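Report on the structure given below.
The values are calculated or read from the model by the stated rules, or taken from the named source; none is laboratory data. Treat the numbers as computed from the prediction; the structure is a model and nothing was measured. All Cβ positions, glycine included, derive from the backbone under ideal geometry; neighbour counts span all protein chains shown. These accessible areas exclude ligands, DNA and RNA; they are computed on the full protein's heavy atoms, side chains included. Shrake-Rupley method; radii C 1.70, N 1.55, O 1.52, S 1.80 Å.
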Amino acid sequence: MSDTVPLTEGIKYAGSKLRLLPQILAMVRELPDVHRVLDGFTGTTRVAQALYQTGRYAVTANDVSAWSEVFARCYLRAQGERRYYEELLRHLNALPGRDGWFTQHYGGEAGDRKRPFLSKNTRRLDAIREEIDRLGLGADDRAVLLTSLVLALDAVDSTLGHQASYLSRWSARSQRDLTLRLPRLCYQPDYPEAEVLRGDVFDAAACRSFDLAYFDPPYGSNNEKMPPSRVRYAAYYHLWTTVVLNDRPQIFGKAGRREDTRDSVAASVFEEFRTNAEGKHLAMCALEKLVRCTQAHYILLALL
């Protein structure tokens, strides 16, 4: 069990704590008798990955997003042998591309503008995503393939990292060919077992007991003229949700956002910077409620 910062893996992500991992781990190590840790807004799981890889903590990774659950299962729980996953990935990489739902809505050609991917890569996405479902794998093994697919798409997108809008000109990386590679799996049989949850953070924090709860909530805007969820997390990463669920949702707008990411239905109270009737900021009220209900000896709160 080393005190160095473990290597982690993830997508381009607003609010990533990759550069703060040394400070976060140092603070956690200084606390006595910490064994069970909750990462309540785990996102791309960078912090959960790092904590797990120390070999010291039983980590619970929670988030409301389907793609975050997939990342957590891949990095913290997948127990298959490397050669097993590599063979599956070779099979998926060898599939011929085909025109499908993703190509129709998110693929573009060289002369097109404001699409997230070139059609050569969405054709591969259409074929690979259908085959992953056909394989009928267990949740953790399936998560490895889906994480590989998301990472591969993130490496060939034409965005600034979020999916509420796309670049007007194709990015250099979008010219690359989509290729699946094995994610950097973290599971070790002699480490404390990790738990993966997908749900409301209040339930995760109140219904279980921990030694430490780490909270890195989503952040909103204080612009009173804009809804607080506008181009926030549900909208930023709507494509990863659709890739993971493969549910072909109703979409809207130039970015092809999912209907369930509309501002009227996808707002998080932690992104809300308006005030209530008593003049208190709603986001701060939510944080106070979360702190009060959390069953943990220590709480580490990230507000950057």
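Structure values in brief
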{"item": "Extreme residue, modelled with the lowest pLDDT, among residues of the stretch 222-249 that are farther than 24 Å from G108 by Cβ and basic (K, R)", "result": "R230"}
{"item": "Total residues in the stretch 8-19, condition surrounded by fewer than 19 Cβ atoms within 10 Å (Cβ to Cβ) and at pLDDT below 95", "result": "7"}
{"item": "Per-region count, the stretch 5-56, residues under 17 Å from I299 (Cα atoms) and polar (S, T, N, Q)", "result": "2"}
{"item": "Qualifying residues in the stretch 28-57 (those that are of a type outside the set (D, E) and at positive phi) - the one surrounded by the most Cβ atoms within 10 Å (Cβ to Cβ)", "result": "T45"}
{"item": "Single residue of the stretch 167-179 satisfying the filter (among the hydroxyl-bearing types (S, T, Y) and out of contact with any strand residue (DSSP E or B) (no Cβ under 9 Å at 6 or more places or on another chain)) that is least open to solvent (accessible area, probe 1.4 Å)", "result": "S171"}
{"item": "Residue list for the stretch 78-131, restricted to those being polar (S, T, N, Q) and either touching a residue at least 12 places away in the same chain (Cβ under 8 Å) or within 26 Å of V196 (Cβ to Cβ) (or both)", "result": "Q79, N93, T103, S119, N121, T122"}
{"item": "Scope the stretch 162-175; condition assigned to a loop (DSSP other than H, G, I, E, B) and in contact with a helix residue (DSSP H, G or I) (Cβ under 8 Å, 6 or more places away or on another chain); matching residues", "result": "H162, Q163, A164"}
{"item": "Which listed residue, of Y75, Y84, is open to solvent by 40 Å² or more (accessible area, probe 1.4 Å), assigned to a helix (DSSP H, G or I) and of a type in the set (S, T, Y)", "result": "Y84"}
{"item": "Filtered residues of the stretch 45-63 (kept if assigned to a loop (DSSP other than H, G, I, E, B) and either among the charged types (D, E, K, R) or at pLDDT below 95 (or both))", "result": "R56"}
{"item": "Subset tally (residues that are surrounded by fewer than 17 Cβ atoms within 10 Å (Cβ to Cβ) and among the small types (G, A, S)) for the stretch 195-213", "result": "3"}
{"item": "Candidate set: the stretch 87-110, residues that are of a type in the set (G, A, S) and open to solvent by less than 70 Å² (accessible area, probe 1.4 Å); chosen: the one farthest from A172 (Cα to Cα)", "result": "G100"}
{"item": "Single residue of the stretch 61-72 satisfying the filter (open to solvent by less than 10 Å² (accessible area, probe 1.4 Å) and not aliphatic (A, V, I, L, M)) that is nearest to the chain's Cα centre (by Cα)", "result": "S68"}
{"item": "Total residues in the stretch 111-158, condition part of a loop (DSSP other than H, G, I, E, B), open to solvent by 10 Å² or more (accessible area, probe 1.4 Å) and closer than 19 Å to D247 by Cα", "result": "3"}
{"item": "In the stretch 250-303, residue most open to solvent (accessible area, probe 1.4 Å) [restricted to those that are outside any loop (DSSP other than H, G, I, E, B), charged (D, E, K, R) and at pLDDT 90 or above]", "result": "R292"}
